[in-house]
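The values are calculated or read from the model by the stated rules, or taken from the named source; none is laboratory data. Here the structure is a predicted model, which is why all the values come from computation and not from measurement. Every residue, glycine among them, receives a Cβ derived from its backbone with ideal geometry; neighbour counts consider all protein chains shown. Note: areas computed on protein heavy atoms with side chains; ligands, DNA, RNA excluded. Shrake-Rupley method; radii C 1.70, N 1.55, O 1.52, S 1.80 Å.
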Amino acid sequence: MTSGSGGSSALTSPAFFPAPAVVRRAPFGTPEKPLPLIIDSDPGLDDALAIGLAVARPEIDLLGVTTVGGNADVRHCTTNALRLLHLYGAADVPVAEGSAGALFGAIVRATEIHGEAGIGRTTLPPSPVAVRPEGAVDLIAAILRDHPEPVVLAPIGPLTNIALLLRLHPELASRIAHICLMGGSIGEGNTTVSAEFNVYADPEAAAIVFESGVPITMMGLDVTHQAVLYQPALDRLRGLGTASGGVAAELVDYALAREGQWYGTPRMSVHDAVAVAHLAIPDLVEIAEYDVQVDTGNGPARGRTVCDGLPVRRERKGRGVNSQVGIRIDRDRFEDVLVDAFGRLP
């Protein structure tokens with residue numbers, strides 16, 4: 001009930017419960033001991049920047065890149081991954097192609113933002129390296145088995161490949177040190193009012209991952225919509241004078257216009273790079289603890305990540321915390337991290 005003239009309309013309690021920041025659980029690498037990482041991706045404008053960040057940062061040991069249909073058709077995503085790694089001087093990183101679409105339901109694409117081929121109007125030189133003959137799930141499984149220590153997964157596209165891995169190779173769950181994913185949202189979505197694209201593209205797969213028991217950090221829209229680039233960042237990338245910086249500038253330029261149509265101001269939310277940056281820089285992102293459940297129904301909330309940060313409510317439901325969730329990022333520092341990374345690449 002609102003008050004009339006001269007009265008108070010202040011609420012006595014918040015409209016929702018914002019979980020407080022806590023100490024991160026996700027591991028992070030150092031130059032002396034780089035973090036072994038596999039990226040599962042659907043490149044993708046922001047995916048391209050995330051992969052470049054992983055290659056450039058000395059805290060990351062990029063063991064493989066697997067692809068999934070999402071921002072574009074999986075065939076385009078695989079070509080993009082191969083060509084981006086070649087551009088970044090990392091053609092030796094193996095690439096394997098994964099699922100074309102969701103476990104169930106219709107295929108969802110984001111070509112209205114990323115372009116039909118996934119990377120706007122940019123054309124990249126062909127890679128001299130071919131895609132690996134085994135599929136994405138088999139490549140991830142082999143790396144998990146063979147690596148001397150548990151490996152971190154950074155899924156920054158729909159979660160289909162990761163769900164299949166967990167279902168087909170449950171014995172390898174203990175070999176996953178952490179899953180740091182880009183997807184979901186505490187608040188509104190971006191594909192529907194309820195759902196963020198990566199989760200909406202395969203809610204059943206996302207539900208499998210969040211209920212797997214593997215330690216998870218979720219970088220959702222709440223934090224990735226803070227990780228934005230504007231025209232000055234584009235100018236900085238253009239000024240680097242490197243081939244990788246030039247391509248990054250092209251991608252950002254394309255994204256500024258496309259995303260600007262949605263939000264009214266030229267900007268690029270570099271969603272996927274937040275998940276990678278968190279694994280290299282321990283104090284860049286603030287996180288909070290939530291129980292995350294995925295709506296797999298067929299109503300207007302399909303694909304929503306229902307995030308419960310209130311301990312008393314979780315206790316009443318008999319559920320605990322299953323994910324840490326990004327809530328804040330230092331935007332200026334994030335921009336510096338990205339520009340610095342592309343200054344290190346060829």
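Structure above, values below:
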read-out	value
Computed label-point distance, nm, for sites residue 242 and residue 301 using a 7 Å Cα→Cβ extension	4.6
The range 161-212, relative contact order [Cα under 8 Å, separation at least 6], %	36
Calculated FRET efficiency for the pair residue 130/residue 312, C-beta based, R₀ 35 Å, to 0.05	0.05
Selection of GluC sites (Glu not before Pro), the range 280-346, meeting DSSP coil and at most 15 other Cβ within 10 Å	none
Mean separation of Cα contacts under 8 Å (6+ apart) over length of the chain, as relative contact order %	21
FRET efficiency, 1/(1 + (r/R0)^6) with R0 30 Å, evaluated for residue 191 and residue 231 via beta carbons	0.70
Mean Cα-pair separation over length for the range 192-346, i.e. relative contact order, pairs under 8 Å, 6 or more apart, %	37
Dipole magnitude of the chain about its Cα centre (Cβ charges: Lys, Arg +1; Asp, Glu -1), debye to nearest 20	380
Cα centroid separation - the range 253-325 against the range 88-129, whole Å	22
Computed label-point distance, nm, for sites residue 336 and residue 123 using a 7 Å Cα→Cβ extension	3.9
Accessible surface of the chain, 1.4 Å probe, proportion on carbon and sulfur as whole %	54
Which labelled figure in (i) 0.97; (ii) 1.13; (iii) 1.07 is Cα Rg over 2.2 N^0.38 Å, once derived from the coordinates	(i)
Radius of gyration and Dmax over the Cα atoms of the range 58-171, both given in Å	14.3, 42
Solvent-accessible area per residue, Å², over the chain with all protein chains present [probe radius 1.4 Å]	41
Interchain or long-range residues, amide H under 5 Å from residue 183's placed H	219, 220
For residue 328, residues with placed amide H under 5 Å, excluding near neighbours	286
Kyte-Doolittle mean at least 0.0 and Cα axial length at least 18 Å: DSSP H helices in the chain	74-87, 243-263
Gained length - residue 104 relative to residue 33, 0.36 nm times residue gap less alpha-carbon distance	21.6 nm
Sequence-distant residues sharing a close amide H with residue 25 (under 5 Å, placed H)	none
Cα-based shape type of the range 284-332, given that a ≥ b ≥ c are square roots of the gyration tensor eigenvalues and the cut on a/c is 1.5	oblate
